Amino acid sequence: MARVVRTVIVRSIKLPRKVFRVFVELEGMYRNMVEQLTMYAVRSKVKSFTKLKVLKYREMRSLYPQLPSHYVYTACQDTSTRAKSFLRLKKLGLAKRDYPEVKRISIWLNDHLWKPNGFILIKIATHRGWVTVEFKSHKQYWKYINREWKLVSEAKIKLDKRNRQLIIYLTFVKEVKKFKSIGYPPVDVNENNITMLVDEVAFLFETDMVRIILGYYYRKKRIQERYDKLYGVKSRIKRKALRKLKERKKKLDIKWKIANTIVKTAYEKQYAIVLEKLSKRVANNMIKRIKDKQLRHRIFQASFRGIQRAIEEKAREHGVPVIYVNPRNTSKLCPIHNVPINYNNGSRIGKCSKAYELWHRDVVACWNLLLKALWGDGSLAPSLVGLNIDVRLIPLASKATHDPIGIPKSLWARWNSLGATMNLYKMIGMTT
Ligand SMILES: [Zn+2]
């Protein structure tokens, strides 16, 4: 069993001035407690929450007797994490000041300080009694409510003073049982596509990541240059234009969609996903023609690490096991004959140097990842017992040129999983 935790942020409706003032006062008192406690904790090196509570409870209580007593508890918890991270930084010589600054405050609530009241109301304990706040629900929130997630009794609130709203951080947990996998679909992440091998059929999802990232990079650069010339480096109008760009980028965020498709496909079939163990070196090899260091880093994050992270996170959510294997030589060796495959002039199609059969580079990578996973060259070595596939025979049995089924983004972006749309490959004219 694994515990998966997710935070969902909702906003309250715009609160009446009188109500909002109660929260401003509450925040002031809470901030003051955290500030004093933090000073004390750092000065006397008391990091533990329980110790802090024992030592300072009385004093804090007498400071704000009108406040529900549990705010002292949560302020101590809040302080404890602040003190811990500050003292760690200080130890590393990275702290700029002697005491941590309490800049941003979110008020920590425990089960005595708030409770949900129906689906879109919460009650919060304050120095003026319980205050009921309505919040605006959204699709993501209902998703968690309707599935097997459980709302945790800890929450946080932040004040948005400009809009007189509370920003409420709700936490959901789910206990997920990892299943025993009966197959291993390998997933090969590339700059512009992701290939997945499911039941001997390779699917190539086009992502166009590098083109998208480069596009945004140059567009951002152009905006910067143009606005800097017109309005100076720190103009508000430039910030606005850049923000708009970023929002669009977010909307186009395809990595979650692809991660969803991959994980759900594995989940439906009760398979474990096989991924490459990525190293920094991989990035340098694959995108080394890009000179700009920052840009290279961004491409690596977005197209390799980012997609892997998304797959890992979704897999955890669904209890799908993930196996990592060493990516060395995965696209270079023929999975049948174990000899090099020759690729001409950067072509993605290569020829086996022994039997001259043709291979698509990304499909080769998938087969080799699968072999490595099966032979236990992974960090979580699976056993061969109980597997009903004969590894040696699969590539030989296939008469096709080991071509993947290419699926353009416009198609897969709307899918849930491959299973529901398996007969689609007849539609795109593929025969196996
Ligand atoms: Zn071969």
Condition first: part of a strand (DSSP E or B), within 13 Å of the ligand (Cβ to nearest atom) and open to solvent by 40 Å² or more (accessible area, probe 1.4 Å). Now tell me which residues in region 329-349 satisfy that.
333, 340, 342
When the residues of region 353-384 are narrowed to those that are open to solvent by less than 50 Å² (accessible area, probe 1.4 Å) and more than 18 Å from residue 336 (Cβ to Cβ), which ends up modelled with the lowest pLDDT?
382
Single match in 221, 178 (criterion: more than 20 Å from residue 262 (Cβ to Cβ) and surrounded by fewer than 17 Cβ atoms within 10 Å (Cβ to Cβ)):
221
The condition from (1) small (Gly, Ala, Ser); (2) modelled with pLDDT of 75 or more; (3) open to solvent by less than 40 Å² (accessible area, probe 1.4 Å) that residue 419 misses is numbered (2)
3 or more residues open to solvent by 20 Å² or more (accessible area, probe 1.4 Å) and over 17 Å from residue 11 (Cβ atoms): qualifying strands (runs of 3 or more DSSP E) within region 121-171
150-160
What is the one condition in (1) assigned to a helix (DSSP H, G or I); (2) surrounded by 19 or more Cβ atoms within 10 Å (Cβ to Cβ) that residue 67 does not satisfy?
(1)
Please enumerate the residues belonging to region 1-41 that are farther than 16 Å from residue 123 by Cα, of a type in the set (Val, Ile, Thr) and not in a helix (DSSP H, G or I).
4, 5, 7, 8, 9
Against the definition (outside any helix (DSSP H, G or I), touching a helix residue (DSSP H, G or I) at 6+ places or on another chain (Cβ under 6 Å), at pLDDT 60 or above and closer than 30 Å to residue 173 by Cβ), how does residue 311 come out, yes or no?
no
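The values are calculated or read from the model by the stated rules, or taken from the named source; none is laboratory data. Computed from a prediction, not measured in an experiment: that's the story for all the values here. Virtual Cβ from ideal backbone geometry, glycine too; neighbours counted across all protein chains shown. For the accessible areas, the whole protein counts, side chains as well, though only heavy atoms, and no ligand, DNA or RNA atoms are used. Shrake-Rupley method; radii C 1.70, N 1.55, O 1.52, S 1.80 Å.
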